[in-house]
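So the structure is just underneath, and the comments pick up after that.
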Amino acid sequence: MYLATVRLTVILLSLNSVIMADNWGHWRGPTGNGVAPHGAPPTEWSSTKNVRWKVELPGRENSSPIVWENRVFVTTSQVVEPAKDGKLPKLDCILLCLDRKDGSVLWRAVATTAIPHQGVHETTGFASASPCTDGEFVYAHFGSRGLYCYTMDGKLVWKRDDFGQMETLNNFGEGSSPTIEGNKILVPWDHQGPSALYALDRRTGATLWKQDRDEPTGWATPLVVEHEGRKQVIMNGQNFARSYDLETGEELWRCSGQTVRPIGTPVADKGLVFVGSGFQRSYMGAFRLDGKGDIKGTEHVVWEFDKNERMMTDMASPLLSSGRIYFHKSKDAMLSCVDAATGKPHYMAERIPGLNGQAYASPVSAGGHVYLTAVDGTTAVIKDAPELSVVATNSVGEFVGGTPAPVDNELFIRGEKHLFCISEEKP
């Protein structure tokens, strides 16, 4: 009886490790590159097929869901008083925690109630930044309305609402997401006013360092990489792609070439970091991490993709998976794939059957597949391979602007009206 109990326990533990092996604590996943290393979500679904659950969400946002163990977190905003007297509506800025198994709300935190000072793009709301978590705390960033730190059970630990008011280009709104690394949370603050990158103590919210940046509006999120025992913070920018020392904020290197108001977040692998942008023209550079100062035109730039035509991704960030970089053409859903080490194209600006229109969501990969989502809610699943091979085309039937989160055998998709948990139906 004892041996039978032990065997059953081992089997249950093994099954649990398969069902819940990964977390997706940041909108670009555990690697920062958009990859779920052990994920294997379904490749086929519809608005009803392989939908474990879907829940209605208040507000229309492009922020992405994150997943930690049995919890799913998502930010949103909800109108509590309509616009009047020429002012914008009063909003609740909300962090929701949902039960992963059925989508029920475990807790709901209203971080603040405020009237925004500036509008947003017509396709989103006022909570475009995605939350992030390290399993101890979860952070919700509402830009000018503050950064809020909660326990995993929804207790407010600290808040920072003293960054000032962000003035974004063309009133397009705020949307850069923070990044957690070690004891720090990194907060990007690029806008038409004084720009900066902040490193805060993740436990207290105290400023550890602040690095001023001569950059206008940008919506990129920091990426942390390590080289020879030293961690670097890589930031995109209209004037320069830059690297900062994680511990001190000191600028280590920079390289010009990016386009206007960059949105794409960097990716990195095997000693190289890749930074690109694609508004009005195209640029992507592959940079070695051992550079100093201005590295433009030096051996520290391994390859560059620099064209006047709009070939590089604009709204979506690139995906780096299996030694290949996948990216959309400008805002379009057309896809390119290049070798990360050399920049040599496998294919460029290919139309994906069934995937039309624009793509705001960033590509993600899991289980040997790449998931590409257009704004109409259609997701094309292709093989993670140098040749383009479409496996399936699926739709949740509503607008999707945020990046899906593949975790274990599930895919979480945040639509205009609902949050979907896609999981293969079991007999």
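The values are calculated or read from the model by the stated rules, or taken from the named source; none is laboratory data. No experiment lies behind these values; they were computed from the predicted model shown. As a convention, Cβ positions derive from the backbone with ideal geometry for all residues, glycine included, and neighbour counts pool all protein chains shown.
Quick one: is T248 β-branched (V, I, T) and at pLDDT below 95? Step through it out loud before you land on a result.
Numbers: β-branched (V, I, T): yes; at pLDDT below 95: no.
Here the answer is no, as T248 does not meet what is asked.
Looking at the range 190-209, is at least one residue among the polar types (S, T, N, Q), surrounded by 22 or more Cβ atoms within 10 Å (Cβ to Cβ) and on the phi < 0 side of the Ramachandran plot? Show your work before the answer.
Here is the first cut: in the range 190-209, the ones among the polar types (S, T, N, Q) are 192, 195, 204, 207.
Keeping just the survivors that are surrounded by 22 or more Cβ atoms within 10 Å (Cβ to Cβ) gives none.
No, that holds for no residue.
Comparison of D332, D408, D376, D339 shows that the only residue that is under 25 Å from W68 (Cβ atoms) and of a type in the set (D, E) is D408. The residues of the range 208-241 that are without any contact (Cβ under 8 Å) to a residue 24 or more places away in the chain and charged (D, E, K, R), listed by number, are D212, E226, R230. Is it the case that the range 267-287 has a residue that's buried (at least 24 other Cβ atoms within 10 Å of the Cβ), in a loop (DSSP other than H, G, I, E, B) and either acidic (D, E) or under 20 Å from the mean Cα position of the chain (by Cα) (or both)? Yes, that holds for at least one residue.
The lone criterion from (1) loosely packed, with under 14 Cβ neighbours inside 10 Å; (2) modelled with pLDDT under 55 left unmet by M20 is number (1). For the range 404-412, the condition of being over 21 Å from P42 (Cβ atoms) and at pLDDT 95 or above holds for none of the residues.
Could you list, in sequence order, all residues of the range 292-334 that are of a type in the set (D, E), more than 24 Å from K383 (Cβ to Cβ) and not in a loop (DSSP other than H, G, I, E, B)?
Taking the range 292-334 and keeping what is of a type in the set (D, E), we get 294, 299, 304, 306, 309, 314, 332.
From the residues that got through so far, the ones that are more than 24 Å from K383 (Cβ to Cβ) too are 294, 299, 304, 306, 309, 314.
Within the range 292-334, D294, E304, D306 meet the criteria.
One residue stands out among those in the range 133-154 that are of a type in the set (D, E, K, R) and closer than 25 Å to A405 by Cα: the one that is surrounded by the most Cβ atoms within 10 Å (Cβ to Cβ), which is D134.
Look at the range 338-388 and say how many of its residues are assigned to a loop (DSSP other than H, G, I, E, B), more than 17 Å from M315 (Cα to Cα) and either at pLDDT below 95 or charged (D, E, K, R) (or both). Total meeting the criteria: 6.
Of the residues making up the range 179-202, those that are within 20 Å of V267 (Cβ to Cβ) and assigned to a strand (DSSP E or B) are T179, I180, E181, L186, P188, L197.
Per-residue answers, yes or no, for (1) surrounded by fewer than 18 Cβ atoms within 10 Å (Cβ to Cβ); (2) of a type in the set (S, T, Y); (3) free of Cβ contacts under 8 Å to residues at least 60 places away in the same chain:
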site	(1), (2), (3)
K329	no, no, yes
A341	yes, no, no
P353	yes, no, yes
S389	yes, yes, yes
N409	no, no, no
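Can G271 be described as in contact with a Cys (Cβ under 8 Å, 6 or more places away or on another chain), over 30 Å from L156 (Cβ atoms) and of a type in the set (G, A, S)? It is false that G271 is in contact with a Cys (Cβ under 8 Å, 6 or more places away or on another chain), over 30 Å from L156 (Cβ atoms) and of a type in the set (G, A, S). Of all residue pairs spaced 6 or more apart or on separate chains, those with beta-carbon atoms under 6 Å, a first member in the range 253-270 that is at negative phi and among the aromatic types (F, W, Y) and a second member that is modelled with pLDDT of 95 or more and surrounded by 21 or more Cβ atoms within 10 Å (Cβ to Cβ) are W253/S243; W253/I295.
On inspection, S64 qualifies as in contact with a Phe, Trp or Tyr (Cβ under 8 Å, 6 or more places away or on another chain) and part of a loop (DSSP other than H, G, I, E, B). Picking from residues in the range 46-72 that are of a type outside the set (S, T, N, Q) and at positive phi, the one that is surrounded by the most Cβ atoms within 10 Å (Cβ to Cβ) is G59.
Each row is one residue, and each column tells you yes or no for (1) within 24 Å of L186 (Cα to Cα); (2) out of contact with any Cys (no Cβ under 9 Å at 6 or more places or on another chain).
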{"residue": "K87", "(1), (2)": "no, yes"}
{"residue": "C93", "(1), (2)": "yes, yes"}
{"residue": "D99", "(1), (2)": "no, yes"}
{"residue": "V110", "(1), (2)": "yes, no"}
{"residue": "V120", "(1), (2)": "yes, yes"}
{"residue": "T123", "(1), (2)": "no, yes"}
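For the range 236-252, the criterion of a residue being closer than 22 Å to G175 by Cα, crowded, with 24+ Cβ neighbours inside 10 Å, among the hydroxyl-bearing types (S, T, Y) and out of contact with any Ser or Thr (no Cβ under 9 Å at 6 or more places or on another chain) is satisfied by at least one position.
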